[in-house]
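The values are calculated or read from the model by the stated rules, or taken from the named source; none is laboratory data. Predicted, not measured: the structure shown is a model, and the values here were computed from it. Cβ: placed from backbone, ideal geometry, glycine included. Neighbour counts: every protein chain shown. Remember, those area values only see protein heavy atoms, side chains included, never the ligands or the DNA or RNA. Shrake-Rupley method; radii C 1.70, N 1.55, O 1.52, S 1.80 Å.
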Amino acid sequence: MPTVLKTSLLLSLLLSSAAHAATAVDTTPRKTLTAFASEQALKTWLDKLAAQQLALARRAELQMKAMPMPAPMASSASKSAEASGAVAESVADAVTNTQTAGVDEGGIVKVHGKHLVMLRRGKLFTVNVGQQALRPVASLDAFAPGSDPSDSWYDELLVSGDTVVVIGYSYSRGGTEVGLFDIDAAGRLAYRSTYHLRSNDYYSARNYASRLVGTKLVFYSPLSMNVRRGDPFGGFPALRRWRSDAVPQDFQRIAPATRIFRTDEEPEPGAGLTLHTVTSCDLASRELRCEASAVMGPPGRVFYVSGESVYVWTTRRGGGSAVFRLPLDGTAPSALKTAGAPVDQFSFLESADGYLNVLLRSQGRGDAMWDSDKGRGELALLRVPLNSFSDGRDSAPAASYRALPGNGDYGLQNRYVGPYLLYGQAGNSVRRQVDPNWPLQPLHALRWAGKEAPQALALPHGVERIEALGNDAVAVGAKGQDLHFTSIGLGSQATVAGSYIRANAAQGETRSHGFFYKPNTGSEGVIGLPILGATERAGPRTESASVLYLRNDRLALTELGALAARPGAPPDDGCRASCVDWYGNARPLFLQGRVFALLGYELVEGALADGKIRETRRISYAPAAARAR
């Protein structure tokens, strides 16, 4: 893998992309990654790696013993304590703002027939919205009866046929938790079963853990390998069905040695090694049956799911990176050595012309937890043919990188909309609150398949969100105490088309699912976005004040109004699990020609008339005991 690229070297490499025009696309089929031939071959390799790591550890221990002990410093302990204390501080009725058509993402609200299904604070709820109804129907714990949910988080919801799937993470029971529930035409819920998949914590402030492609439930799970443990296979991909007396020995491996792949790269001495695992489960049967494939690589990660494959980007501690392509049909994965790292899943596009396009920054951190906000460095677009992936020995050629203006500092946002890649920085908003003279960075618009220079569009605000408006786009961000919406026309040129300013406001949800655009025609539709007061800050413990609705009429943005939450403290629901809304609690919903705002435990309906939205009714779907208080 190439050495990590310093600023000047990266720029030099990326500028050579001009040679791409003269490079013929190689259509020759390439090799795939190599799997281990047998369990014994895998064990032999792991034993060898364990011996190497043990030798390194012993050498480091001897070196430490040979070093002179530094004199104690009286102030060190107090400074450390202070620092520690600071750190402690039907498509027409789709309701999820997804990245890729046909690839549903785990969320907090889905649709089943005439019912909305919600996941909140460790419980499932259904509300009848059919034939103009608005009525709570059922609620049920989102975890197995008799289980202790206190050390678990239930974050994501998917619906496939009459099966409701709840995805969570259990710190006490062994990794990703998959709960299956039955739902009938009347919206009634019944618990079916719970399964556990071995995994590290999947949480990301931007990405989602699960995808649904047809009836195929797809997970990406990183598994840190400890080859020096007594049983190295004890950390390999495995599945078990939960029961009250379940034990670790109940886990059954779902990735045999012949589904474990590696490249020609030897693991970095002293660095971590991760099994980057893609698990596919068939929801067409009542029993959960899962298969997994895994590739060995360094820990750094960003993953993206197209309609055909899962892509996992890894970064070596000693420099360089690689992208793995794991097809959803179960065929062998392939890889390509690379440089830099993506911002998040929105940095990827598997385009219909047979290319993978990825926005990179020279020093990325992956998308675990809040790492997407922490990368930095210069920017480039990598554009490579899918058939250039191979057995991991090949590197993306220098001509495949294209240097881009701007930088990858804090809060970089990026999105592909039609033939354009748009990117800009939210960090402008944060910095200008401290220093009003801090220069605003432009929003850049690049035709990802072309050779034209990217356009720099001057906006009066920072870029906290980029979303599609059909074939065009909208950029959302703060300026001072106000929230700005700027529509972007994406024709032969990208142009700033229209704007709307909401005074004394901020975004109420930063995740992609907080936004929804409902097109009525090719050039007209309705935007919905949760908002707060300007002095409030979106977060897992924040209740959004309202959902704002705007009309887009040929990129002219006008306010329709807002549906607001009822003021006052939320009801005491006796929460037992997931008592923090990590994935948010507010969503704009457009369903069966109607407009709703999901606001915590309230579902508010509005009607559009005379260019305004007005509340018509609301319900609380909180647990019955909480509603009775």
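Test each condition in (1) over 22 Å from Asp573 (Cβ atoms); (2) of a type in the set (S, T, N, Q); (3) modelled with pLDDT of 95 or more for Ser139 and report the one that comes out false.
Status for Ser139: all satisfied but (1).
Please give the number of the condition Ala453 fails out of (1) in contact with a Ser or Thr (Cβ under 9 Å, 6 or more places away or on another chain); (2) in a loop (DSSP other than H, G, I, E, B).
With (1) in contact with a Ser or Thr (Cβ under 9 Å, 6 or more places away or on another chain); (2) in a loop (DSSP other than H, G, I, E, B) applied to Ala453, the lone miss is (1).
Read through the list (1) over 26 Å from the mean Cα position of the chain (by Cα); (2) at pLDDT 90 or above, then give the number of the only condition that Thr535 fails.
Among (1) over 26 Å from the mean Cα position of the chain (by Cα); (2) at pLDDT 90 or above, the lone unmet condition for Thr535 is (2).
Keeping to segment 141-170, report how many residues are more than 20 Å from the chain's Cα centre (by Cα) and within 17 Å of Cys579 (Cβ to Cβ).
Adding up the residues that qualify gives 8.
Just the residues that are acidic (Asp, Glu) and surrounded by fewer than 19 Cβ atoms within 10 Å (Cβ to Cβ), please, taken from segment 122-150.
Listed by number, the list holds a single entry, Asp148.
Any idea how many residues of segment 566-612 are in a loop (DSSP other than H, G, I, E, B) and open to solvent by 30 Å² or more (accessible area, probe 1.4 Å)?
16
Would you kindly identify the strands (runs of 3 or more DSSP E) lying entirely within segment 215-313 that contain at least 1 residues that are polar (S, T, N, Q) and touching an Asp or Glu at 6+ places or on another chain (Cβ under 6 Å)?
274-282
Scanning segment 255-310 for residues that are basic (Lys, Arg) and open to solvent by less than 60 Å² (accessible area, probe 1.4 Å), which turns out nearest to Ile167 (Cα to Cα)?
If we take residues in segment 255-310 being basic (Lys, Arg) and open to solvent by less than 60 Å² (accessible area, probe 1.4 Å), then Arg301 is nearest to Ile167 (Cα to Cα).
Please verify whether Arg192 is part of a strand (DSSP E or B), closer than 23 Å to Ser244 by Cα and open to solvent by 10 Å² or more (accessible area, probe 1.4 Å), treating the condition exactly as stated.
Against the criterion (part of a strand (DSSP E or B), closer than 23 Å to Ser244 by Cα and open to solvent by 10 Å² or more (accessible area, probe 1.4 Å)), Arg192 qualifies.
For residues that are of a type in the set (Lys, Arg) and at pLDDT below 95, scanning just segment 473-532, find the one that is farthest from Ile613 (Cα to Cα).
Per the criteria, the residue is Lys479.
Tell me, please, whether a residue that is modelled with pLDDT of 95 or more, in contact with a Lys or Arg (Cβ under 7 Å, 6 or more places away or on another chain) and at negative phi can be found in segment 198-213.
So far as segment 198-213 goes, no, none of its residues is modelled with pLDDT of 95 or more, in contact with a Lys or Arg (Cβ under 7 Å, 6 or more places away or on another chain) and at negative phi.
For segment 478-522, enumerate the residues that are more than 26 Å from the chain's Cα centre (by Cα), open to solvent by less than 50 Å² (accessible area, probe 1.4 Å) and over 17 Å from Gly462 (Cβ atoms).
Gly489, Gly491, Ala494, Gly498
Which of the residues that make up segment 146-185 are at pLDDT 95 or above and either among the basic types (Lys, Arg) or not in a strand (DSSP E or B) (or both)?
Gly161, Asp162, Asp184, Ala185
Would you pick out the residues in segment 573-585 that are closer than 18 Å to Ile619 by Cβ and over 26 Å from the mean Cα position of the chain (by Cα)?
Answer for segment 573-585, where residues must be closer than 18 Å to Ile619 by Cβ and over 26 Å from the mean Cα position of the chain (by Cα): just Asp573.
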